[in-house]
Ligand code: NAD
Ligand code: ZN
């Protein structure tokens with residue numbers, strides 16, 4: 001095995017990142033080393049690349065970026081028992097303590113001591129990467145790496161869509177970025193009867209249609225609430241799924257959801273939002289879920305089974321594939337401009 005590797009490094013506290021050659025790391029106690037077969041860019045990586053306020057407060061360069069991954073285990077560290085060389089794994093991003101109140105009551109996804117893989121540690125935008133064994137998820141060999149790397153964001157989408165069943169229900173999704181697009185295919189696979197998508201970008205509305213949205217709406221040009229009512233016999237949708245982080249979309253969705261309906265909120269708002277709680281939530285008797293991360297490990301089982309069922313339509317969502325990392329800057333700039341769905345790298349050229 002090579003002893004040097006190429007990696008995308010956040011090397012300085014400034015905009016951008018660098019392609020560097022570094023030593024292949026050695027797995028320590030409780031860690032495994034993987035050969036990265038596929039890795040995908042998440043919105044969080046973009047924030048680190050752009051060096052926004054959050055990144056400045058959290059990231060300590062130099063650090064290898066990335067956390068969405070599929071790879072083959074090539075070495076296991078001391079004390080790792082249930083993972084072997086040759087296993088094909090992906091990784092959960094939340095490194096949890098297992099000891100706090102939330103962990104001990106099964107709510108690992110909101111562990112009080114969460115560290116984030118690829119944010120608080122070196123990540124996977126590299127030819128080889130260290131994964132904490134407790135965060136490894138074994139994949140069936142028949143799932144291609146470009147799908148297996150999407151499981152982490154698919155987990156966000158699954159928890160958002162399936163906080164309650166959607167079979168036979170009408171659904172509004174606001175925001176068709178990478179996560180909203182994954183939400184569309186999950187909702188369709190789970191039997192939603194009508195999936196309406198509100199998204200201002202022409203490019204992403206087109207992607208939403210290709211993924212399987214029944215109706216797409218441009219919220220900057222059309223009246224979302226009226227369109228939704230017209231499509232649902234005047235009732236409004238049973239389920240509202242917020243994937244945009246746009247305050248306006250939140251308000252429109254709360255107006256468009258039927259009384260006693262269900263709401264899941266995944267999008268992160270850039271600031272405090274002001275909502276008419278009385279009329280839009282309380283008097284409507286809505287059930288509202290805040291969604292963060294993925295349930296460990298229930299959601300991974302669901303995601304893995306959905307992938308194996310062949311019911312997810314992921315190909316239109318993966319808009320860009322790169323062999324090697326040479327064009328990583330192009331990839332990040334396209335993503336910044338909203339000109340992508342998911343971007344996948346295959347670090348090894350063969
Ligand atoms: P993204 O920014 O790529 O996508 C958001 C989409 O919303 C864009 O396509 C944008 O055009 C669209 N949009 C903007 N204004 C809108 C409006 N008024 N109505 C409808 N759509 C509108 O982000 P993403 O990577 O797809 O992630 C989606 C959201 O989920 C982000 O806010 C992200 O921060 C959040 N997120 C949350 C978690 C969590 O654990 N809660 C995890 C990952 C991502
Ligand atoms: Zn904990």
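Here the condition is being in contact with a strand residue (DSSP E or B) (Cβ under 6 Å, 6 or more places away or on another chain) and more than 22 Å from residue 340 (Cβ to Cβ); of 192, 176, it holds for 192 alone.
Within segment 8-19, the set of residues being touching a helix residue (DSSP H, G or I) at 6+ places or on another chain (Cβ under 9 Å) and either closer than 16 Å to residue 125 by Cβ or modelled with pLDDT under 95 (or both) comprises 8, 10, 16, 17, 19.
Note on segment 254-271: residues that are closer than 20 Å to residue 43 by Cβ and modelled with pLDDT of 95 or more amount to 6.
Looking only at segment 313-326, residues that are surrounded by 15 or more Cβ atoms within 10 Å (Cβ to Cβ) and out of contact with any strand residue (DSSP E or B) (no Cβ under 9 Å at 6 or more places or on another chain) come to 2 in all. Within segment 314-321, is there a residue that is part of a loop (DSSP other than H, G, I, E, B), away from ligand 1 (no atom under 16 Å from the Cβ), within 19 Å of the chain's Cα centre (by Cα) and closer than 22 Å to residue 205 by Cβ? Yes, because at least one residue in segment 314-321 is part of a loop (DSSP other than H, G, I, E, B), away from ligand 1 (no atom under 16 Å from the Cβ), within 19 Å of the chain's Cα centre (by Cα) and closer than 22 Å to residue 205 by Cβ. Residue 102 meets each of the listed conditions (1) in a helix (DSSP H, G or I); (2) more than 7 Å from ligand 2 (Cβ to nearest atom) apart from (2).
Taking the listed residues 98, 168, 106, 86, the one that is exposed (fewer than 15 other Cβ atoms within 10 Å of the Cβ) and assigned by TED's automatic domain parsing to the domain that holds residue 220 is 168, with no other qualifying.
A quick yes/no check of all residues on (1) within 11 Å of ligand 1 (Cβ to nearest atom); (2) surrounded by fewer than 24 Cβ atoms within 10 Å (Cβ to Cβ); (3) within 16 Å of residue 311 (Cβ to Cβ):
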| residue | (1), (2), (3) |
| --- | --- |
| 182 | yes, no, yes |
| 197 | yes, no, no |
| 200 | yes, yes, no |
| 224 | yes, yes, no |
| 228 | no, no, no |
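Quick check: is even one residue across segment 50-70 free of Cβ contacts under 8 Å to residues at least 24 places away in the same chain, in contact with a helix residue (DSSP H, G or I) (Cβ under 8 Å, 6 or more places away or on another chain) and in a loop (DSSP other than H, G, I, E, B)? No, because not a single residue in segment 50-70 is free of Cβ contacts under 8 Å to residues at least 24 places away in the same chain, in contact with a helix residue (DSSP H, G or I) (Cβ under 8 Å, 6 or more places away or on another chain) and in a loop (DSSP other than H, G, I, E, B).
On the stretch given as segment 20-49, residues that are in contact with a helix residue (DSSP H, G or I) (Cβ under 7 Å, 6 or more places away or on another chain) and either under 27 Å from residue 319 (Cα atoms) or without any contact (Cβ under 8 Å) to a residue 60 or more places away in the chain (or both) total 8.
Looking at segment 302-313, which of its residues are free of Cβ contacts under 8 Å to residues at least 40 places away in the same chain and in a helix (DSSP H, G or I)? Scanning segment 302-313 gives a single hit, 305.
Within segment 71-97, the residues that satisfy the criterion of being in contact (Cβ under 8 Å) with a residue 24 or more places away in the chain, part of a loop (DSSP other than H, G, I, E, B) and more than 14 Å from residue 124 (Cβ to Cβ) are 77, 78, 79, 80, 82, 83, 87, 96.
Residue-wise test of (1) within 23 Å of the chain's Cα centre (by Cα); (2) away from ligand 1 (no atom under 15 Å from the Cβ); (3) more than 19 Å from residue 301 (Cβ to Cβ).
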position	(1), (2), (3)
76	no, yes, yes
84	no, yes, yes
101	no, yes, yes
117	yes, no, yes
120	yes, yes, yes
123	yes, yes, yes
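For segment 150-165, taking the residues that are more than 11 Å from ligand 1 (Cβ to nearest atom) and crowded, with 24+ Cβ neighbours inside 10 Å, the one that is nearest to residue 249 (Cα to Cα) is identified as 161.
The values are calculated or read from the model by the stated rules, or taken from the named source; none is laboratory data. What you are looking at is a predicted structure, and each value in this text was computed from that prediction instead of being measured. Note that each Cβ is placed from the backbone with ideal geometry, even for glycine, and that neighbours are counted across all protein chains shown.
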